[in-house]
Amino acid sequence: MLNPRRILAAAALIAFSTSSFAAINNNAATYGQWRNTDGQTISVGADGVKQYADSADECRSMGYKMTGERFKGSELISGMKSSMGYNQDILRDVRDAETESALQNNIKNIKRLLPLIKANQSYAGIAMQCGDGNNELIFIDNRNAMEQSFGGGETYYEHYRK
């Protein structure tokens, strides 16, 4: 016969293990391949974003971290509008074709994403920190996601569809 103390200890160990080793992404509807408008894919599973995990070794010395997050719609909208205004302002003075193209693409992505975000909602996402840069994949719904990439004082947005 099992000792009640052993049963309690085993139950506590199982509960501790389950919560300690829980997956980063607990939303099964987000699992799978997501594709941006340029045809690039990002893979999402229980352990988070594969491409973010692939950066772990190179980022570890700079402070790597991948976490599940919640994002307020009102804050996303505010940040996107601010980035779009900033991009439009500096676009006038840009003389480099590659930079000009990146800024125009960012403005186009923001304009495509803004109508999908509701100010009064919050959105689940997966964030990765690598040194002073950040990437956040935010799930707008089961078919649309956006990636915010921060680094060097700039924020870039990508629209992904499942």
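Read the figures in this text as sums done on the coordinates, not as results from a lab. Note that the coordinates shown come from a computational prediction; the quantities given were computed from them, not determined experimentally.
Working from Cα positions, state the angle (0 to 90°, nearest 10) between the long axis of helix 73-91 and the longest principal axis of the chain.
30 degrees
In whole Hz, what ³J(HN,Hα) sequence does the stretch 93-103 give by Karplus (6.51, -1.76, 1.60; θ = phi - 60°), x for Gly and Pro?
Rounded to whole hertz, the list is 9, 6, 10, 8, 4, 5, 5, 4, 5, 4, 5.
Cα gyration tensor of the chain, axes a ≥ b ≥ c as square roots of the eigenvalues: rounded (a/c below 1.5), prolate (a/b > b/c) or oblate?
It is prolate, given that a/c is not under 1.5 and a/b is the larger ratio.
Using the Karplus curve 6.51 cos²θ - 1.76 cosθ + 1.60 with θ = phi - 60°, what ³J(HN,Hα) values do you get for each residue of the stretch 145-154, in whole Hz, with x for Gly and Pro?
Once θ is set to phi - 60°, the couplings for the stretch 145-154 become 9, 10, 10, 9, 10, 10, x, x, x, 10 Hz.
Given the -39500 (n - 2.57) contribution per DSSP H run of 4+ residues, what per-residue ellipticity at 222 nm results for the chain, rounded to the nearest 500 deg cm²/dmol?
Here the helix-only value at 222 nm equals -12000 deg cm²/dmol.
Check the stretch 36-121 and count each lysine pair with an alpha-carbon distance under 27 angstrom, considering only pairs eight or more places apart or from different chains.
Close lysine pairs found across the stretch 36-121: 11.
By how many degrees, between 0 and 90 and to the nearest 10, does the Cα long axis of helix 4-20 differ from the longest principal axis of the chain?
For helix 4-20, the angle is close to 10 degrees.
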